[in-house]
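I have placed the structure first, in the form of structure tokens, so that the comments after it can refer back to it.
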Amino acid sequence: MIKFTINGYEVEGEKGQNVLQVALDNGFDIPHLCYHEALEPYGACRLCLVEISNGKRTRLTTSCNYPVMEGISVQTDTEKVTRARSMILELLLARCSDSSAIIELAEKYGVTETRFELDHDDCILCGLCERVCREVVGVEAISFLGRGSARKVGPPLEINPKTCIGCGACVYVCPTDCIKMEESEKDRTIVRWGRTLPMKTCKVCGNTYAPWFQLEYFKQITEGIPKDFWDKCPDCR
Amino acid sequence: MEQKAIDRLLKKHNHEQSAIIAILQDLQGEENYLPEKDLEYISEKMSIPLPKIYRIATFYNAFSLKPRGKHLVNVCMGTACHVRGGEKVLDRLKMELGIEVGEMTKDGLFTLETVNCLGACALGPIVMVGDDYHGQMTSAKVRSTIQKYKKVAKGKK
Amino acid sequence: MKKILDPRELEKFRAQILEKRDPKRPCIAVTSGTSAKAYGSEKLVEAFRTALKAHRLSRKIDLRVTGGQGFDEREPLVIIHPRNILYQRVDPKDAEEIVTETIQKDKIIERLLFVDPKTGEKILNRDDIPFYKGQMPIIFGDNGKIDPTNIEDYLAIGGYFALVKVLTEKTPEGVIDIIKRSGLRGRGGGGFPTGMKWESCRNAPGEKRYVVCNADEGDPGAYMDRGLLEGNPHRVLEGMMIGAFAIGSDEGYLYVRYEYPLANEHIQIAIKQLRQYGLLGENILGTGFTFDLKVSRGGGAFVCGESTALMASIEGNAGEPRAKHIHTVESGLWDKPTNLNNVETWANVPLIIHKGVDWYTGIGTENSKGTKIFSLVGKVNNTGLVEVPMGMTIKEIVDDIGGGIPENGTLKAVQTGGPSGGCIPASLIDISVDFDKLTEVGSMMGSGGMIVMDDKTCMVDIARYFLNFLKDESCGKCTTCRDGIRRMYEVVDAITRGKGKEGDIELLEELSWVISEASLCALGSTAPNPVLSTIRYFRDEYEAHIRDKKCPAGVCKALITYSIDKKKCTACGKCKKVCPSDAITGKKKVPHKIDSKKCIRCGACIAECKFDAVRIR
């Protein structure tokens, strides 16, 4: 176990863990948007900044991708941290001025106004959607596109990702809830990516339960499962 | 590009994943842009997910996903060119060609692009049309320069 | 071409090359780097070939096609050896005359000589020209002595002697010690001590190591590395090989930006020749040292000049930087220890080995040893690449070597360090070129771009220019860089359009603090520098834009009007012809007028008017 301190309190972490996770596990409050336990840390939103002293040097750094180390001292609410965090929230508030998630988060840390022109965007480019699709689901249907202030997330040519299986993991993981999923009697649409997939009906109960394409994908990547397994929904199996 | 030609191209680069940028550059060298079908074929043959290829194609300035005009008008936006009035040249070109940066004229003759420094600062402000360098460009010279290329095109018809 | 199997064979080969060459034999050296080519140097070279053939001199006179020789403003240059006569702005039509008059009859063609604008004197000898006189071209000077596509030329001037010395007499640790003691600091902008970097990489755990040459050279206005790679690629390669030996690497990459096709071509030729002679590959010169390298081309992204982004690009990914608390010397390319250095840094290495630490440390200042190559561009008379000892003042570079400001302008500022650097105002122009001194005044050495600005340059516009550049070149990953720079741009852009408000400067300063402290990589953390340095030294200009809605330099279109001075206008009508918005009216012999409502301030009339009659207010 690796011992270090957060705001003066002693904590322990395992080798390979990052400072943010240990902090959260120990009940410390560090805001974060692009971090998710199940995914590789990315360090894009910059909200999880803390000041870390390692020997003589103290630096302002993101805690989500900083590996726990013996003897470091982490401070989560110094003047520098608060100053940087406030401006970052102000920038995000300007960017996603209509997003309730961002408005609430900013308010929690005392940021209620922004001096910048409002963008009315809905995406903060945290990358959680593309990371979950690539790392966990293994499909890699979407990616970052473009660069700089024109950067976006989406499928090739920004419409209809041809390998998307309609699993909805991206919908689930998005912090601003800007990826919507809609279902009708016959199909499921991941609205943001323009992906509509017809649903398969359960042979037993007659309800739709998953997109055909998704089940075909599962058939491809699994072995030794009887064909009629996919004809029934999970409830009827 | 024909599939056989793409196969040769991929072989030239030993099917190495890390060579993807060079492969796309070679493809664009032939086709003047990156056709969707060709990218799909490369994705399949190299086992690189198509979104990753589009990530790379949209990240780097060198690539265009749209067909480009016969003549690439490239305006240098380097600091030295800027200090010598490069922005005025760009504005004038936009007016003269009637297009924005990244667009192609309706007759397919010109595509207007910018480049962040060609490294030929002594000639600044500089505009390249294809492989031709046009140095010490001023907003006054823009029209006559473009006319030269239009005349040649007319002559060929 | 046979493989050279040991150092003795190499020296024998070198001696053979030298024997065939007579230093007194006349040689016509024609510069043909990218700048010269843009002026038609290829046709000039052909014209010389034709002329020499016609006069049956092809075997008696050498024709050498070199890379750039620095004085780009006067390209194409022709230098006649052994007298070292420099002819400038040579046209293909002049080739015949040069052969018949200067070569055959030893007569000078006066109209092709450089004329010193201060004295009116015509100068014959290259080294007497003020542009060259003040320089110390210990690295760049060799460009004039070789054809970069011929390895024999490089061997003839002592090339690969340093490599042999290292392979036969030194240990890797010994080489690292030499580089450490030389005080060599990175020439790409960071100024990090090179010897220390090599040592960290060598000591990193693992078997496999890479060496990388950063030839991305993204700073707009800087093209020193292009000049070196086009004109003397072997010098850079030799440096990399020595570094690879010292670090324990057997594989290297040269990452060249795609906007430099000629440099890429010359590097490929050099590598091919090295492989043919066995100087790259397995068991080089029988010493057991194995090393080879590949060229990796950029795709057009400034951020790929950052080392972690560059490595991501070599690996075939988008150039997105990664967190810096994992050092690339320990985990770089494909997670292996990697040593990355700039082109000019590598080029210094063979020289240090060849001539020794005492010689090298005798040049420069206490903390900045050796020379630096700068691209002296912008509002300066003698535009080009210059190499000076560290410690020379910027004033000396701009005035003595650069020949001062053209068109009666006055010096306002010199910008160094590209988009990561800052402006040095005219009042501080006596500052010496030194890593630490430049940082002290709010700028930095950077890769070597030195942009000269005069009274007609608006410093707020310059800040806007850099922010515009950076907002598109940012990889876009982190909030502070991506959104922060864009918001700074919006504020400064509004100021240039007359929409600035009280409090804008303070907002810019606040944003600058956050962006520099909280961004992931050096692009973000240095992005505020041009804004901060222009506010520091030219705050009055910002205030004039914000409070008075005026642009003192006469640049920001929304804040100026064009008008014609009746006293100077000769009614020639040229301005009327080039006006794209029909804003100029006037009959013959009557001074013309500009309708300010139609005028778009494009500057075409100013460019055309030979009587300086268009006023900017």
Checked A:Leu92, A:Leu47, A:Leu33 against criteria (out of contact with any Leu (no Cβ under 6 Å at 6 or more places or on another chain) and either within 13 Å of chain C (Cβ to nearest Cβ) or more than 15 Å from C:His325 (Cα to Cα) (or both)); the one match is A:Leu92
Matching residues in segment C:418-437 (in a helix (DSSP H, G or I) and within 15 Å of C:Gly186 (Cα to Cα)) number 2
Within segment C:218-229, the count of residues that are more than 8 Å from the chain's Cα centre (by Cα) and either more than 7 Å from chain B (Cβ to nearest Cβ) or of a type in the set (Gly, Ala, Ser) (or both) comes to 4
Expected single match for within 14 Å of chain B (Cβ to nearest Cβ) and modelled with pLDDT under 90 among C:Ile600, C:Ile560 is C:Ile600
Of (1) more than 13 Å from chain C (Cβ to nearest Cβ); (2) without any contact (Cβ under 8 Å) to a residue 12 or more places away in the chain; (3) not in a loop (DSSP other than H, G, I, E, B), A:Ala101 satisfies every one except (2)
Exception for C:Lys118 within (1) outside any helix (DSSP H, G or I); (2) of a type in the set (D, E, K, R); (3) more than 25 Å from the chain's Cα centre (by Cα); (4) at pLDDT 95 or above falls at (4)
Only one of A:Lys152, A:Lys162 is of a type outside the set (Phe, Trp, Tyr) and touching a strand residue (DSSP E or B) at 6+ places or on another chain (Cβ under 6 Å), namely A:Lys152
Okay, strands (runs of 3 or more DSSP E) sitting entirely in segment C:310-408 with 2 or more residues that are of a type in the set (Val, Ile, Thr), I get C:371-378, C:384-389
Among the residues that make up segment A:207-218, is at least one of them within 30 Å of A:Phe144 (Cβ to Cβ), in a helix (DSSP H, G or I) and free of Cβ contacts under 8 Å to residues at least 12 places away in the same chain?
yes
Qualifying residue in segment C:497-512 (condition: aliphatic (A, V, I, L, M), touching a strand residue (DSSP E or B) at 6+ places or on another chain (Cβ under 9 Å) and without any contact (Cβ under 8 Å) to a residue 60 or more places away in the chain) = no
Scanning segment C:254-307 for residues that are small (Gly, Ala, Ser) and either more than 22 Å from the chain's Cα centre (by Cα) or under 17 Å from B:His13 (Cα atoms) (or both) gives C:Gly278, C:Gly281, C:Gly286, C:Gly288, C:Ser296, C:Gly298, C:Gly299
Listed by range, strands (runs of 3 or more DSSP E) wholly within segment C:1-101 having at least 3 residues that are under 28 Å from C:Lys272 (Cβ atoms), in contact (Cβ under 8 Å) with a residue 24 or more places away in the chain and in contact with a His (Cβ under 9 Å, 6 or more places away or on another chain) are C:27-31
Wholly inside segment A:1-78, strands (runs of 3 or more DSSP E) that include 3 or more residues that are farther than 22 Å from C:Leu520 by Cα are A:2-6, A:9-13
Inset, instruction - Kindly indicate whether C:Glu42 is under 30 Å from B:Gly119 (Cα atoms) and surrounded by 15 or more Cβ atoms within 10 Å (Cβ to Cβ). - result: yes
Scanning segment C:310-332 for residues that are surrounded by 24 or more Cβ atoms within 10 Å (Cβ to Cβ) and more than 9 Å from chain B (Cβ to nearest Cβ), the one farthest from B:Ala57 (Cα to Cα) turns out to be C:Thr328
Condition set surrounded by 16 or more Cβ atoms within 10 Å (Cβ to Cβ) and among the hydrophobic types (A, V, I, L, M, F, W, C), scope segment C:573-597, selection farthest from the other protein chains (Cβ to nearest Cβ): answer is C:Ile594
Would you confirm, using the coordinates I've provided, whether C:Glu73 is surrounded by 20 or more Cβ atoms within 10 Å (Cβ to Cβ) and touching a helix residue (DSSP H, G or I) at 6+ places or on another chain (Cβ under 7 Å)?
yes
Output for Cβ contacts, cut-off 8 Å, separation at least six or different chains, first residue free of Cβ contacts under 8 Å to residues at least 12 places away in the same chain in segment B:116-142, second in a strand (DSSP E or B) and surrounded by fewer than 24 Cβ atoms within 10 Å (Cβ to Cβ), reads B:His134/B:Met128; B:Lys141/B:His134
When restricted to C:Cys551, C:Cys475, C:Cys569, the only residue touching a residue at least 40 places away in the same chain (Cβ under 8 Å), closer than 28 Å to A:Gly146 by Cα and either within 14 Å of chain A (Cβ to nearest Cβ) or outside any helix (DSSP H, G or I) (or both) is C:Cys475
Exactly one of A:Glu182, A:Glu117, A:Glu113, A:Glu135 is part of a strand (DSSP E or B) and surrounded by fewer than 16 Cβ atoms within 10 Å (Cβ to Cβ), and that one is A:Glu182
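The values are calculated or read from the model by the stated rules, or taken from the named source; none is laboratory data. Computed from a predicted model, the values in this text were never measured in an experiment. Cβ: placed from backbone, ideal geometry, glycine included. Neighbour counts: every protein chain shown.
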